[in-house]
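**Student:** Here you go, one structure.
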Amino acid sequence: MKPAPFDYVRPGSLAEACGLLAADEDARVIAGGQTLVPMLAMRLARPTKLVDVLRLPELSGIREDNGSLVIGATTRQAMALNSPLIRTSVPLLALALPWVGHPPTRNRGTIGGSIANADPSAEIPLVAVTLGAEIEAATPDGPVSTPADDFFIGPMLTTIGIGECLSAVRFPVWTHKRVGVGFHEISARSSDFAFVSAAAQIAIDEDGRCLEASLGIGGVGDRPLKLDVSSLLGTRLEKKSLADAIAAAAVDLDATDDLHASADYRRRVAVTLCTRALEDARDRANGGEALGVAR
Ligand SMILES: Cc1cc2nc3c(=O)[nH]c(=O)nc-3n(C[C@@H](O)[C@H](O)[C@H](O)COP(=O)(O)OP(=O)(O)OC[C@H]3O[C@@H](n4cnc5c(N)ncnc54)[C@H](O)[C@@H]3O)c2cc1C
């Protein structure tokens, strides 16, 4: 199929982009086009105007800022995957990125486009929620910053409103000496969206006791979910502590039932993947593998 007719504009600044978006509620941002272009072709989206933000210099790049790593919205997923700064400062994102589509889609697809698209199975939103990232946006009233947990409100639904453009994502950088990460997902084929995914980051002290633990799951609910695993703090992350923490955190999981998988299957797989992700994170923090033991 061919898209319905639309205008195409390439603004020269972020302010101009927001002005164009504010002036027409049916205008849409286009970034990498990896999701939006197929939607246009299938006429699942019929915007009046595409506002192409890909070349705006304000939106690109990766930088350290005040204990955070800030990734510009239009930074390509492939560039992020090859970034030594991301590998050392946000190793969970580095571990998850190879699961996002495949090389051609990562060459075009952007970090911000994946977050704005808010697919409940997408890996980048899951990492953002798991780590408590802040999503930054330019709005007609000035810049706003929203915790990832509040930003995703449903399948393909975020707090981004008319006239607004996602500008960056700010990841907290863990400064502990021993940090480890784990990521697992199950999908029908390599590069497909996950039925279920799990992401974990753990920091331990010299005795192997847990100082900080974050666990998130994707594909199970209508948005990525962060699970409360605070009961792990102070433990040596033994098999039983992990099993108890995951069971307690997963008890109220409201899983989605659809053509691809039943809610019961998703709940059971989530527990298995959470266990694997936490075990990998623990083992890497203990020095089993380099990724995530950067300091
Ligand atoms: C074959 C294939 C396999 C894929 N597999 C996966 C996968 O396994 N996991 C995964 O996570 N993704 C997957 N994707 C999607 C991924 O490739 C996209 O990159 C991503 O979903 C959207 O990023 P984009 O930059 O291409 O955004 P676009 O397609 O340009 O835009 C997507 C949506 O986000 C909005 N948007 C984009 N940027 C902004 C912004 N700065 N501010 C406000 N709104 C914005 C657009 O208006 C649109 O609604 C796959 C895609 C394909 C084609």
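**Student:** Picking from Asn82, Asn66, which residue would you name as being out of contact with any Gly (no Cβ under 6 Å at 6 or more places or on another chain) and at positive phi?
**Tutor:** Working: Asn82 fails: at positive phi.
None of the others qualify; the one that does is Asn66.
**Student:** I would also like to ask the following. Every residue in region 104-130 that is open to solvent by 10 Å² or more (accessible area, probe 1.4 Å) and over 9 Å from the mean Cα position of the chain (by Cα), please.
**Tutor:** Pro104, Thr105, Arg106, Asn107, Arg108, Gly113, Ala116, Asn117, Asp119, Pro120, Ser121
**Student:** Taking region 131-162, which residues are touching a Cys at 6+ places or on another chain (Cβ under 9 Å) and surrounded by fewer than 20 Cβ atoms within 10 Å (Cβ to Cβ)? If you could, list the steps in order and put the result at the bottom.
**Tutor:** At the first step, the residues of region 131-162 found to be touching a Cys at 6+ places or on another chain (Cβ under 9 Å) are 137-140.
Matches in region 131-162: Thr139, Pro140.
Yes or no, residue by residue, for (1) over 23 Å from Thr272 (Cβ atoms); (2) of a type in the set (Ser, Thr, Tyr):
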{"position": "Gly132", "(1), (2)": "yes, no"}
{"position": "Thr175", "(1), (2)": "yes, yes"}
{"position": "Ser187", "(1), (2)": "no, yes"}
{"position": "Glu206", "(1), (2)": "yes, no"}
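**Student:** Restricting attention to region 21-51, which residues are part of a helix (DSSP H, G or I) and within 12 Å of the ligand (Cβ to nearest atom)?
**Tutor:** Of all residues in region 21-51, those part of a helix (DSSP H, G or I) come to 21-23, 36-41.
Matches in region 21-51: Leu21, Leu36, Val37, Pro38, Met39, Leu40, Ala41.
**Student:** Right, here's the next one. Could you grab me the full set of residues in region 221-237 that are in contact with a Leu (Cβ under 6 Å, 6 or more places away or on another chain) and either open to solvent by 10 Å² or more (accessible area, probe 1.4 Å) or at pLDDT below 95 (or both)?
**Tutor:** Applying the first criterion (in contact with a Leu (Cβ under 6 Å, 6 or more places away or on another chain)) to region 221-237 yields 224, 227, 229.
Within region 221-237, just Leu227 meets the criteria.
**Student:** Which condition does Ile204 not pass, out of (1) hydrophobic (A, V, I, L, M, F, W, C); (2) open to solvent by less than 20 Å² (accessible area, probe 1.4 Å); (3) modelled with pLDDT under 95, if it passes all the others?
**Tutor:** (3)
**Student:** Can you tell me which residue among Ser214, Ser230 is without any contact (Cβ under 8 Å) to a residue 24 or more places away in the chain and not assigned by the TED database to the domain that holds Val90?
**Tutor:** That would be Ser230, the only listed residue that is without any contact (Cβ under 8 Å) to a residue 24 or more places away in the chain and not assigned by the TED database to the domain that holds Val90.
**Student:** I've got another one for you. One residue is enough: does region 64-77 have a residue meeting the conditions among the charged types (D, E, K, R), closer than 22 Å to Cys165 by Cα and in contact with a Ser or Thr (Cβ under 8 Å, 6 or more places away or on another chain)?
**Tutor:** The first filter runs over region 64-77 and keeps only residues among the charged types (D, E, K, R), leaving 64-65, 76.
Then drop every residue that is not closer than 22 Å to Cys165 by Cα, which leaves 64-65, 76.
When the remaining residues are screened for being in contact with a Ser or Thr (Cβ under 8 Å, 6 or more places away or on another chain), the result is 64, 76.
Looking through region 64-77, at least one residue is among the charged types (D, E, K, R), closer than 22 Å to Cys165 by Cα and in contact with a Ser or Thr (Cβ under 8 Å, 6 or more places away or on another chain).
**Student:** Could you pull out the residue among Gly67, Gly101 that is near the ligand (Cβ under 8 Å from one of its atoms), more than 23 Å from Glu16 (Cβ to Cβ), of a type in the set (Gly, Ala, Ser) and out of contact with any helix residue (DSSP H, G or I) (no Cβ under 7 Å at 6 or more places or on another chain)? Quick ask: steps written out before the conclusion?
**Tutor:** Values: Gly67 fails: near the ligand (Cβ under 8 Å from one of its atoms).
After ruling out the rest, the residue left standing is Gly101.
**Student:** Using the structure shown, decide if Ala138 is out of contact with any Pro (no Cβ under 7 Å at 6 or more places or on another chain), within 11 Å of the ligand (Cβ to nearest atom) and assigned by the TED database to the domain that holds His102.
**Tutor:** On the way: out of contact with any Pro (no Cβ under 7 Å at 6 or more places or on another chain): yes; within 11 Å of the ligand (Cβ to nearest atom): yes; assigned by the TED database to the domain that holds His102: yes.
The answer is yes for Ala138.
The values are calculated or read from the model by the stated rules, or taken from the named source; none is laboratory data. Quantities reported herein were computed from a predicted structural model and do not represent experimental measurements. Positions of Cβ are backbone-derived with ideal geometry, glycine not excepted, and every protein chain shown enters the neighbour counts. Side chains included, ligands, DNA and RNA excluded: accessible areas come from the protein's heavy atoms. Shrake-Rupley method; radii C 1.70, N 1.55, O 1.52, S 1.80 Å.
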